[in-house]
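**Student:** First the structure, then my questions, so here it is.
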Ligand code: HPA
């Protein structure tokens, strides 16, 4: 599976530690360009894509999700592990823990969210938004929460306490800003896509104080270290 695997890195993961870089390529697509890195990771060739750019300068609502997903399809990728920082709504999910969500609620707006906006109208099935085969393989590779409803908000600001109450009422366990339209675009192109979420903070109104970038960054350092272990286990187990 791995020679066709891409890892999309989010906040805290703009480069993959231990990745021996072979080639950097800016892939041109009908939707714009997307910079990907080819490398060897635990003896397997993989592709890495930094969703927020190499210097973490692209905000969630400005990411060219269509170019990224199209580029991965174009270079022959079949499986995508998408790493994302999230806040926890459900108190069972603690800072720095890993969550492999099984469902999504999309609250984003004004993002280019489909490849099917010209010519023939196509409605993809999205009942189960993540690739279950890949989800199960990730769960074997590490200790993680095996189910969660992932709410995706527009950002880049964090939510209000009342917005988080509403997301909880809707059934959400975690909240992030980049899970959509990425997952739906991957499904449109028939790619196997799963999310590896890292808890960076307690969502608004759920912690003791206001949420600071310093807190998020500290939790991400520890959480991303766990993600690196997960990824390296995953690759060793699926070569
Ligand atoms: N809300 C939305 N996105 C996030 C959060 C949050 O609390 N933390 C990290 N990404």
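The values are calculated or read from the model by the stated rules, or taken from the named source; none is laboratory data. Everything quoted here is computed from the prediction, not taken from an experiment. Neighbour counts run over all protein chains shown; Cβ positions are idealised from the backbone, glycine included.
**Student:** May I ask you to verify whether residue 101 is within 14 Å of the chain's Cα centre (by Cα), closer than 17 Å to residue 179 by Cα, in a loop (DSSP other than H, G, I, E, B) and away from the ligand (no atom under 16 Å from the Cβ)?
**Tutor:** Numbers: within 14 Å of the chain's Cα centre (by Cα): yes; closer than 17 Å to residue 179 by Cα: yes; in a loop (DSSP other than H, G, I, E, B): yes; away from the ligand (no atom under 16 Å from the Cβ): no.
Judged against the criteria, residue 101 is not a match.
**Student:** Sticking with this structure for a sec: Among the residues of the range 67-87, is there at least one that is part of a loop (DSSP other than H, G, I, E, B), touching a residue at least 60 places away in the same chain (Cβ under 8 Å) and within 16 Å of the ligand (Cβ to nearest atom)? Reasoning before the result, please.
**Tutor:** Here is the first cut: in the range 67-87, the ones part of a loop (DSSP other than H, G, I, E, B) are 75-78.
Filter once more, so that each one left must be touching a residue at least 60 places away in the same chain (Cβ under 8 Å): 76-78.
After this cut, where a residue has to be within 16 Å of the ligand (Cβ to nearest atom) as well, the list is none.
No.
**Student:** Considering only residues that are over 14 Å from the mean Cα position of the chain (by Cα) and within 16 Å of the ligand (Cβ to nearest atom), look in the range 44-58 and name the one that is nearest to residue 20 (Cα to Cα).
**Tutor:** Filtering first and then ranking leaves 56.
**Student:** Hey, among the residues in the range 216-239 that are farther than 13 Å from residue 94 by Cβ and near the ligand (Cβ under 10 Å from one of its atoms), which one's surrounded by the fewest Cβ atoms within 10 Å (Cβ to Cβ)? Don't jump to the end; show me each part of the working.
**Tutor:** Applying the first criterion (farther than 13 Å from residue 94 by Cβ) to the range 216-239 yields 216-218, 220-221, 224-225, 227-239.
Retained after the next criterion (residues that are near the ligand (Cβ under 10 Å from one of its atoms)): 216, 220.
Details: 216: 19, 220: 22.
The selected residue is 216.
**Student:** Mind checking whether some residue in the range 28-36 is within 16 Å of the ligand (Cβ to nearest atom), surrounded by 21 or more Cβ atoms within 10 Å (Cβ to Cβ) and modelled with pLDDT of 95 or more? Walk me through it before giving the result.
**Tutor:** Taking the range 28-36 first, the residues within 16 Å of the ligand (Cβ to nearest atom) are none.
No: zero hits.
**Student:** Looking at the range 199-215, which of its residues are modelled with pLDDT under 95, in contact with a helix residue (DSSP H, G or I) (Cβ under 9 Å, 6 or more places away or on another chain) and either assigned to a helix (DSSP H, G or I) or buried (at least 20 other Cβ atoms within 10 Å of the Cβ) (or both)?
**Tutor:** Correct list: empty.
**Student:** Right, here's the next one. List pairs: first in the range 1-15 and on the phi < 0 side of the Ramachandran plot and outside any loop (DSSP other than H, G, I, E, B), second at pLDDT 95 or above and within 15 Å of the ligand (Cβ to nearest atom), Cβ under 7 Å, 6+ apart or cross-chain?
**Tutor:** 7/83; 8/82; 8/83; 9/83
**Student:** Taking residue 133 as meeting all but one of (1) surrounded by fewer than 22 Cβ atoms within 10 Å (Cβ to Cβ); (2) out of contact with any helix residue (DSSP H, G or I) (no Cβ under 8 Å at 6 or more places or on another chain); (3) within 23 Å of residue 88 (Cβ to Cβ), write down the number of the exception.
**Tutor:** Failed condition: (3).
**Student:** Of all the helices (runs of 4 or more DSSP H) wholly in the range 109-198, which have at least 3 residues that are away from the ligand (no atom under 16 Å from the Cβ)? Step through it out loud before you land on a result.
**Tutor:** Numbers: elements: 132-141, 161-170, 182-188.
Per the criteria, 132-141, 182-188.
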